[in-house]
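I have placed the structure first, in the form of structure tokens, so that the comments after it can refer back to it.
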Amino acid sequence: GDEGCVHCPINSRTTSEGATNCVCRSGYYRADADPVDMPCTTIPSAPQAVISSVNETSLMLEWSPPRDS
């Protein structure tokens with residue numbers, strides 16, 4: 001068409017020059033409802049510094065956020 005080319009969103013690529021959409025790289029995903037110009041994402045890494053505390057009636061877990069969300 002008359003429109004200029006645009007770069008693929010983060011973590012995606014085209015399968016051929018002049019493609020009309022970008023596919024997610026291996027290990028990255030886009031939800032079915034996400035627009036094709038939205039970056040692809042992956043699952044987050046594990047939480048960090050997990051601490052458990054148990055007593056007679058309860059279990060309490062604490063953790064720091066994942067390094068890669």
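The values are calculated or read from the model by the stated rules, or taken from the named source; none is laboratory data. In this text the structure is predicted, and so the values were computed from the model without any measurement. Backbone-built Cβ (ideal geometry, glycine too); neighbour counts: all protein chains shown. The accessibility values were calculated without ligands, DNA or RNA, using every heavy atom of the protein model including side chains. Shrake-Rupley method; radii C 1.70, N 1.55, O 1.52, S 1.80 Å.
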**Message:** Let's see if you can work this out: charge +1 on each Lys and Arg Cβ, -1 on each Asp and Glu Cβ, no other charges. What is the dipole magnitude of the chain about its Cα centre, in debye to the nearest 20?
**Reply:** 260 debye
**Message:** Apply the Karplus curve 6.51 cos²θ - 1.76 cosθ + 1.60, θ = phi - 60°, to the phi angles in segment 13-21 and return the couplings in whole Hz, x for Gly and Pro.
**Reply:** 7, 9, 9, 7, 5, x, 5, 8, 8
**Request:** Filter the trypsin sites (Lys or Arg not before Pro) in the chain to those in DSSP coil with at most 16 other Cβ atoms within 10 Å of their Cβ, and list the result.
**Result:** R25, R67
**Prompt:** Want the number for L61 to V23: 0.36 nm per residue separation, take away the alpha-carbon distance, what's left?
**Reply:** 9.9 nm
**Message:** I'd like the carbon and sulfur percentage of the solvent accessible area for the chain, probe radius 1.4 Å, heavy atoms only, ligands and nucleic acids excluded.
**Reply:** 52 percent
**Fill in**
With the charge dipole of the chain built from beta-carbon charges (+1 for Lys and Arg, -1 for Asp and Glu) about the Cα centre, the Cα from N55, V23, T42 projecting farthest to the positive end belongs to N55
**Viscosity 0.890 mPa s, temperature 25 °C, Stokes-Einstein D of the chain from Kirkwood C-alpha radius, µm²/s** = 160 µm²/s
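Remind me, relative contact order of segment 19-65 in percent, using alpha carbon pairs under 8 angstrom and six or more residues apart?
26 percent
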**Fill in**
Taking a probe of 1.4 Å and leaving out DNA, RNA and ligands, the chain shows per residue an accessible area in Å² of 90 Å²
